[in-house]
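Asks: One structure, as structure tokens, below. Some questions next.
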Amino acid sequence: MKVLSIGNSFSQDAQRYLHEIAKKEGVDMKTVNLYIGGCPLRTHYLNMLEDKEAYAFEFNGQKTGLEVTMSQVLKSDDWDVITLQQLSGKSGRIETYTPYIEELRDYAKTYCPHAKIYLHETWAYEDGSERMKSMSYGTAENMYNALHDAYLKAKDLIDADKIIPAGTAMIRAEKAGLKMHRDTCHASHGVGRYLIALTWFRALTGKDITENTFSDLDEAITEEERKIVIDAVNSCF
């Protein structure tokens, strides 16, 4: 399976362990992330128009040092799945998605007509974070509800094949008592990124993750944390 993300640091979080988890589960999965930190859909759209060499090329969860254009990577392989996402801070506002997400979908399909288009549902920030307060959500639950609704609307807008419910899994794990963020915003290097990667793996392959034992994480997790993560992910499917 070949998976391409046109994303930012949130897809970087998602792909850090995805290839290795797939490998451990017996799935041959190539993962590429087109990375620009803090990149919204509008900037991806402008980069598309200018064919701008603006993206750091991340391969199988690792930085490569290469800078590429979107078209170069779209043309480089017969991608099975291409993921799109909005900047986390804008994810709760559907008006920020359009017309950019439609144009990006069409562009991706021009080069990869057989690829499935998935939306990566981003996640809410940590309760009490100053960044979230500045956006007037008040609570992580409110931010999650707004972004979840927006991604559902975006799915209908572009007739996407699937939503990867990372934000849903994240908030359910938090409600079960886990601390999921490393900086009140991004996923933690251990349990947070592990949960996001498992959510992607389950969404991409449909395979059971209940007995997953992947442990090659940048931060160790306990077996109790692993169980909570797996339960949270499974509850989304």
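Throughout, read-outs are computed from the coordinates displayed, never taken from laboratory work. Treat the numbers as computed from the prediction; the structure is a model and nothing was measured. Positions of Cβ are backbone-derived with ideal geometry, glycine not excepted, and every protein chain shown enters the neighbour counts.
Asks: Using a Gaussian network model of the chain with C-alpha springs under 10 Å, which one of His186, His44, His114 is most mobile by mean-square fluctuation?
Replies: For the chain, modelled as a Gaussian network with Cα springs under 10 Å, the answer is His114.
Asks: Using Cα pairs closer than 8 Å and at least 6 residues apart in sequence, work out the relative contact order for the range 97-237, in percent.
Replies: Here the relative contact order equals 23 percent.
Asks: In terms of Cα to Cα distance under 30 Å, which lysines are near enough to Lys153, apart from those fewer than 8 places away along the same chain?
Replies: In chain and number order, the partners are Lys2, Lys30, Lys52, Lys75, Lys90, Lys109, Lys116, Lys133, Lys162, Lys175, Lys179, Lys207.
Asks: Could you identify which residue out of Asp78, Asp13, Asp183 has the top mean-square fluctuation in a GNM of the chain using Cα springs shorter than 10 Å?
Replies: Of Asp78, Asp13, Asp183, the most mobile in the Gaussian network model is Asp183.
Asks: What distance in nm separates the simple spin-label points at Lys75 and Lys109, each placed 7 Å from Cα in the Cβ direction?
Replies: Here the modelled spin labels are 2.1 nm apart.
Asks: Could you give the size of the charge dipole of the chain about its Cα centre, using +1 on the Cβ of each K and R and -1 on the Cβ of each D and E, expressed in debye and rounded to the nearest 20?
Replies: With only Lys, Arg, Asp and Glu charged at Cβ, the dipole is about 160 debye.
Asks: Sum -39500 (n - 2.57) across every DSSP H segment of at least 4 residues in the chain, then divide by the residue count to get the 222 nm mean residue ellipticity, nearest 500.
Replies: Calculated at 222 nm, the ellipticity per residue is -13000 deg cm²/dmol.
Asks: Looking at the chain, identify the longest residue range that excludes and avoids all GluC sites (Glu not before Pro) in DSSP loops having at most 14 other Cβ atoms within 10 Å.
Replies: The longest such stretch corresponds to 54-210.
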